[in-house]
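K.L.:
Okay, handing you the structure first.
The values are calculated or read from the model by the stated rules, or taken from the named source; none is laboratory data. Computed from a predicted model, the values in this text were never measured in an experiment. Ideal geometry is used to build each Cβ from the backbone, glycine not excepted, and the neighbour counts take in all protein chains shown.
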Amino acid sequence: MQRYTNSSPIAYNLFDTTGTSFNYALTGSGYDTQLSYIFKNNIELIGRYSYSLPGKKIRAYVGEINQYTFRISKYLKEHAFKLQAEITTETVDFLQQANRQNWYGRIQVEVGI
């Protein structure tokens, strides 16, 4: 999906006389790529890489993001019930600040019809 706007992604608070109170919409580009394989015993292994580059006008506020994710899923009762666990490491590269390394862990249960 792609979207384009001519207007600025930064919105300043009209009631702030100092000009320091603002919000911004996320703009820029990025991509996700994923490789997965499901075994005969209904266990699925997934590897994912995601990259996000913020637009030039918000680059000072939002860092460039690289994410690596490993996920394991177990399908029970065909695909009507699924258990998942994943771990993600994320590197955020800011222009004028130190880089940041984040780690996320998720456990998910999915129930379908």
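K.L.:
One residue is enough: does the stretch 30-38 have a residue meeting the conditions modelled with pLDDT under 95 and not in a strand (DSSP E or B)?
P.N.:
no
K.L.:
A further question follows. Mind checking whether some residue in the stretch 41-53 is assigned to a loop (DSSP other than H, G, I, E, B) and charged (D, E, K, R)?
P.N.:
No, there is no match, as no residue in the stretch 41-53 is assigned to a loop (DSSP other than H, G, I, E, B) and charged (D, E, K, R).
K.L.:
Taking the condition of being exposed (fewer than 13 other Cβ atoms within 10 Å of the Cβ) and part of a loop (DSSP other than H, G, I, E, B), how many residues in the stretch 62-113 meet it?
P.N.:
11
K.L.:
Also, quick follow-up: Determine the pairs where a residue that is farther than 15 Å from ARG48 by Cβ, located within the stretch 84-113, has a partner that is basic (Lys, Arg) and outside any strand (DSSP E or B) with Cβ atoms under 8 Å apart, the partner being 6 or more residues away or on another chain.
P.N.:
Listed pairs, sorted by first residue: LEU95/ARG59.
K.L.:
Considering only the stretch 66-113, how many residues are among the basic types (Lys, Arg), farther than 25 Å from TYR31 by Cβ and out of contact with any Gly (no Cβ under 8 Å at 6 or more places or on another chain)?
P.N.:
Within the stretch 66-113, residues that are among the basic types (Lys, Arg), farther than 25 Å from TYR31 by Cβ and out of contact with any Gly (no Cβ under 8 Å at 6 or more places or on another chain) number 2.
K.L.:
Filter the stretch 52-68 down to the residues that are farther than 18 Å from THR89 by Cβ and small (Gly, Ala, Ser), then identify the one that is modelled with the lowest pLDDT.
P.N.:
Applying the filter and picking the extreme gives ALA60.
K.L.:
Hey, another quick one. Of the numbered conditions (1) more than 19 Å from PRO9 (Cβ to Cβ); (2) surrounded by 11 or more Cβ atoms within 10 Å (Cβ to Cβ), LYS57 satisfies every one except a single condition; which is it?
P.N.:
(1)
K.L.:
Restricting the search to the stretch 50-77, which residues are within 30 Å of ILE113 (Cα to Cα) and not polar (S, T, N, Q)?
P.N.:
PHE70, ARG71, ILE72, LYS74, TYR75, LEU76, LYS77
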